[in-house]
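So the structure is just underneath, and the comments pick up after that.
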Amino acid sequence: MAVAEKLGAVDTYLEALEHRHKPAIQALRRLIHDAVPDLTERIKWNAPSFGKGEDDRITMRLHPGDRLQLILHRGAKAGADDLFRFEDPDKLITWAAPDRGVVTFSGADDLADKSAALTEILRRWVACTTR
């Protein structure tokens, strides 16, 4: 599927989405695109997902509908025992596994408060998890 078609699919998905945090979801999507503009975007796991080519690295978690989270991951074949470490000086990330982190937002204001630190995290995450 071409990039324009994938973006169209994401636009269509988000237009139809009924979610308590929809404005924050839209703002988070813009922030991700601005932070790392060369990422491919698609719907995966019933939410927008971003990566290089077919390798997803950042995925929104939209369900259940009472929360908005961003999952930072290394893909299906990442090894949890390979001594991967990632610095998070602002302590935004909760580590679900050594190579998979979660950033949680309570809403648009919380996202705005975290946006500067999150932008830097996203740039560094993509740089150190893609080849």
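The values are calculated or read from the model by the stated rules, or taken from the named source; none is laboratory data. Only a predicted model underlies this, so the values are computations on that prediction, with no experimental measurement involved. No Cβ is skipped: glycine too gets one built from the backbone with ideal geometry, and neighbour counts run over all protein chains shown.
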Can you name every residue in region 81-99 that is buried (at least 16 other Cβ atoms within 10 Å of the Cβ) and either of a type in the set (Lys, Arg) or modelled with pLDDT of 95 or more (or both)?
Leu92, Ile93
Can you find a residue in region 49-71 that is surrounded by 20 or more Cβ atoms within 10 Å (Cβ to Cβ), more than 11 Å from the chain's Cα centre (by Cα) and basic (Lys, Arg)?
no
